[in-house]
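The values are calculated or read from the model by the stated rules, or taken from the named source; none is laboratory data. Fair warning: this is a prediction, and the values are worked out from it, not measured in the lab. Here the Cβ positions follow ideal geometry from the backbone for every residue, glycine too, while neighbour counts run over all protein chains shown. Please note that ligands, DNA and RNA were not included when accessible areas were found on the heavy atoms of the full protein model with its side chains. Shrake-Rupley method; radii C 1.70, N 1.55, O 1.52, S 1.80 Å.
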Amino acid sequence: MEKNGENIFMAYKKAAEAVEKLDLWQDKMTAWQMVADFCRDKDNCALENKPARDTVLFWTYNNMAALAAENNPDISLAVEYYQDSLTWAQRPYDRIVVYRKIADLYKQAGEVSAWLDTVKKIIQNEEDIAEITALIELARQSSNPTVKKSYLKKAWARAECSSAAEGRECRMISELLDGAAREMRTSRYQRPSYPGPDYERRV
């Protein structure tokens, strides 16, 4: 269901155009807030493409956080918006970028404990990326399609993919899974056949 014939992508475009013409950062924040509020009534976005919708909301909250960080000396508002954006982050890479921004805010504010907690989250996401990369590489190196599929399934789960449209890694894993499936079908068709009873009788 669309809201007055408008979808979230149109709402984002309108907000971006409005922000270019506005002077006060508070007014720019209001423009972005309208996009963030668009899906609060879940029926408004029920038919939206989920990965694309999540990307729009991820960048909407990032835009709001950047405005707050640049204009509000109290970092709590910027941190709140950055944390909101994490809800819509589809990839570990995206989460790392956001956590680094949050860490910078905490560091500038002298909040050492919060800064250390955020750095730990950065490290965790970097470890996730390293594991996903390793699993994909192991799959590529394997000549056994069954083993290859097993590695890719683990990578898919680790990357938190639910569809191939959710980011570069998910698309890559999906393509490799399709390739492994084709290899498995081909190997079944190419299994060696053995002489049957007619051959034995002729001999």
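Tabulated data for the structure shown
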item: Any pair with Cβ under 6 angstrom, 6 or more apart, that starts in the stretch 152-180 at a residue that is more than 14 Å from ILE129 (Cβ to Cβ) and open to solvent by 70 Å² or more (accessible area, probe 1.4 Å) and ends at one that is at pLDDT below 85 and assigned to a loop (DSSP other than H, G, I, E, B); result: ARG171/ALA164
item: Residue identified as in contact with a Ser or Thr (Cβ under 9 Å, 6 or more places away or on another chain) and under 16 Å from TYR106 (Cβ atoms) among ALA78, ALA65; result: ALA65
item: Near pairs, Cβ below 7 angstrom, 6+ apart or cross-chain, from the stretch 88-112 (modelled with pLDDT under 95 and among the polar types (S, T, N, Q)) to any residue that is part of a loop (DSSP other than H, G, I, E, B) and open to solvent by 20 Å² or more (accessible area, probe 1.4 Å); result: none
item: Residues of the stretch 87-121 classified as open to solvent by less than 60 Å² (accessible area, probe 1.4 Å), within 12 Å of the chain's Cα centre (by Cα) and within 18 Å of MET64 (Cβ to Cβ), total; result: 3
